[in-house]
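Structure record follows, encoded as structure tokens.
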Amino acid sequence: MRFITTLSLALAVASTALAGPQSTIGGARLESDMAHQVKSGWPSTAYEWWNKGKKRLDWALGGEMVYGPWSGAWDDPRIAFALYAPLRFHLWNRKRPSSKTDLGIRFTPGLMAGSAAVDTPTVVTRAEIAVPVSVDVNPKLSVVTGAAIPIDLGWVRDVGFVGAIPLLVRLGVEIKAGSKVAPFVLMEVGPGFGFGQGSSSTALAARLWAGTTFWSVRGK
């Protein structure tokens, strides 16, 4: 409730918006050559090393310690580690007197390996597609929204092949707290479809992180 109230107040007091905080979770392009992101929450704690690519592309390498459903539902390890590589393409932006909107598309392949239970190894591959949107409502505040679809296919010992496909709506904020620091909060929630062993089911999927983006002192 407090998060929603803060977001509503931020939108209400939005003034003439120049560029908002540098973004690693939204749709805006990186401004510096390099940025680092650390985040922790549910279902994981992660680090991402971001780089500004050519033309409309930004890319990153990430590592994650997973202790809950990796996609938000179904693929639930006891403990696991994951590697992934986000690719974000900037598609469109629009400037208005009181805001600036950036739209992107993000593709994230990944691999997770760990233990679903004691002596029960599991391996999961991922292809996640997201549509991140950033709305700069203030030079120090950006609202993040959009959608994400993680498509996971995995193998669990004594279970076989299983899969998860959540359809997640994103909501978050990024705050420019200093010249090189931008903390953020991001929530993703929606229905999650799981399948395996000849059956399928639906559950509520959710992911929630709080973290910080900071850009390298060597970057521009």
*Give the residues of the stretch 172-188 that are buried (at least 17 other Cβ atoms within 10 Å of the Cβ) and either assigned to a strand (DSSP E or B) or in contact with a His (Cβ under 8 Å, 6 or more places away or on another chain) (or both), sorted by residue number.*
G172, V173, E174, I175, A182, P183, F184, V185, L186, M187, E188
*asked:* Given (1) in contact (Cβ under 8 Å) with a residue 24 or more places away in the chain; (2) within 19 Å of A60 (Cβ to Cβ), identify the lone condition not met by F107.
replied: (1)
*Quick one: which residue in V118, V131, V123, V137 is buried (at least 18 other Cβ atoms within 10 Å of the Cβ) and at negative phi?*
V137
_When you check S40 against the structure, is it outside any strand (DSSP E or B), under 12 Å from the mean Cα position of the chain (by Cα) and not charged (D, E, K, R), yes or no?_
no
_Residues of the stretch 178-189 satisfying the condition of being in contact (Cβ under 8 Å) with a residue 60 or more places away in the chain and of a type outside the set (V, I, T)_ = A182, F184, L186, M187, E188
*Before we move on, is R88 over 15 Å from D136 (Cα atoms), out of contact with any Lys or Arg (no Cβ under 9 Å at 6 or more places or on another chain) and buried (at least 18 other Cβ atoms within 10 Å of the Cβ)?*
no
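Just need a number here: residues in the stretch 149-205 that are hydroxyl-bearing (S, T, Y) and in contact with a Lys or Arg (Cβ under 9 Å, 6 or more places away or on another chain). Spell out the reasoning first.
Residues of the stretch 149-205 that are hydroxyl-bearing (S, T, Y), as a first pass: 179, 199-202.
Narrowing further to those that are in contact with a Lys or Arg (Cβ under 9 Å, 6 or more places away or on another chain): none.
Going through the stretch 149-205 one residue at a time, the tally reaches 0.
Taking the stated definitions as given, is D158 farther than 29 Å from P21 by Cβ and outside any strand (DSSP E or B)? First the steps, then the outcome.
Working: farther than 29 Å from P21 by Cβ: yes; outside any strand (DSSP E or B): yes.
It is true that D158 is farther than 29 Å from P21 by Cβ and outside any strand (DSSP E or B).
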_Given (1) within 20 Å of the chain's Cα centre (by Cα); (2) farther than 20 Å from L57 by Cβ; (3) modelled with pLDDT under 95; (4) not β-branched (V, I, T), number of the condition S98 does not satisfy_ = (1)
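The values are calculated or read from the model by the stated rules, or taken from the named source; none is laboratory data. Here the structure is a predicted model, which is why all the values come from computation and not from measurement. Cβ sites come from the backbone with ideal geometry, for glycine too, and all protein chains shown count toward neighbours.
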